[in-house]
Amino acid sequence: MEIERKYLITAPPPDYESHPFHVIEQAYLCTEPVVRIRREDETFCLTYKSKGLLMREEYNLPLTLNAYRHLLPKCDGILLTKRRYLIPLEGTDLTVELDVFSGKYQGLMLAEVEFKSEEEARRFVAPAWFGRDVTFSGEYQNSRLALRTDI
């Protein structure tokens with residue numbers, strides 16, 4: 001089960017680029033239900049995600065580079081590209097995943113924080129640098145971003 005909150009970021013911390021990061025590209029074979037392929041650095045996976053905003057089921061299956069390349073042209077919409085910075089959240093055991101998009105979404109920044117329970121997620125108080133909480137709107141779900149035509 002994936003339990004996460006998502007925030008729109010307009011002013012990231014000045015040192016965010018000093019943190020470790022992953023280079024990610026991902027595309028969607030289907031958006032209802034969500035079936036995604038992802039390249040994260042040099043690993044590849046196919047992911048199924050159920051419906052939901054704060055909580056949803058998520059299953060990851062490993063792919064080979066050849067399988068990823070085979071599936072990529074079958075995807076709908078655009079290929080999303082981003083760097084995911086891993087920023088420890090001071091005073092907690094939580095990590096902020098700060099996605100800094102490139103390509104068609106150059107300049108978009110989203111922060112996600114994953115939790116062990118729904119209660120923990122609902123109690124979460126975001127740091128001052130976090131922007132608007134977009135968890136419950138769904139407007140910034142990556143599967144929706146990949147299919148938007150107004151960009």
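General remarks:
- Qualifying residue in region 16-31 (condition: in a loop (DSSP other than H, G, I, E, B), within 30 Å of Val125 (Cα to Cα) and of a type in the set (A, V, I, L, M, F, W, C)): no
- Index of the failed condition, Lys74 passing every other in (1) of a type outside the set (A, V, I, L, M, F, W, C); (2) open to solvent by less than 60 Å² (accessible area, probe 1.4 Å); (3) out of contact with any Phe, Trp or Tyr (no Cβ under 7 Å at 6 or more places or on another chain): (2)
- Pro20 being out of contact with any helix residue (DSSP H, G or I) (no Cβ under 9 Å at 6 or more places or on another chain) and touching a residue at least 60 places away in the same chain (Cβ under 8 Å): yes
- So Leu63, is it open to solvent by less than 50 Å² (accessible area, probe 1.4 Å) and either within 15 Å of Gln141 (Cα to Cα) or out of contact with any Leu (no Cβ under 6 Å at 6 or more places or on another chain) (or both): no
- Look at (1) of a type in the set (A, V, I, L, M); (2) part of a strand (DSSP E or B); (3) at pLDDT below 95 and you find that Leu53 fails only one, number (2).
- Residues that are of a type in the set (D, E, K, R), under 21 Å from Gly138 (Cβ atoms) and surrounded by fewer than 17 Cβ atoms within 10 Å (Cβ to Cβ) within region 5-51 comprise Glu32, Lys51, listed in sequence order.
- Count of region 87-107 residues which are surrounded by 15 or more Cβ atoms within 10 Å (Cβ to Cβ) and part of a loop (DSSP other than H, G, I, E, B): 1
- Checking each residue in region 119-140 for being open to solvent by less than 70 Å² (accessible area, probe 1.4 Å), at pLDDT 95 or above, of a type outside the set (Ser, Thr, Tyr) and within 27 Å of Glu32 (Cβ to Cβ) picks out Ala121, Asp133, Val134.
The values are calculated or read from the model by the stated rules, or taken from the named source; none is laboratory data. These numbers come from a predicted model, not from an experiment. FYI the Cβ positions are ideal-geometry reconstructions off the backbone, even for glycines, and counts take in every protein chain you see. In case anyone asks, the SASA skips ligands and DNA or RNA and just uses the protein heavy atoms, side chains included. Shrake-Rupley method; radii C 1.70, N 1.55, O 1.52, S 1.80 Å.
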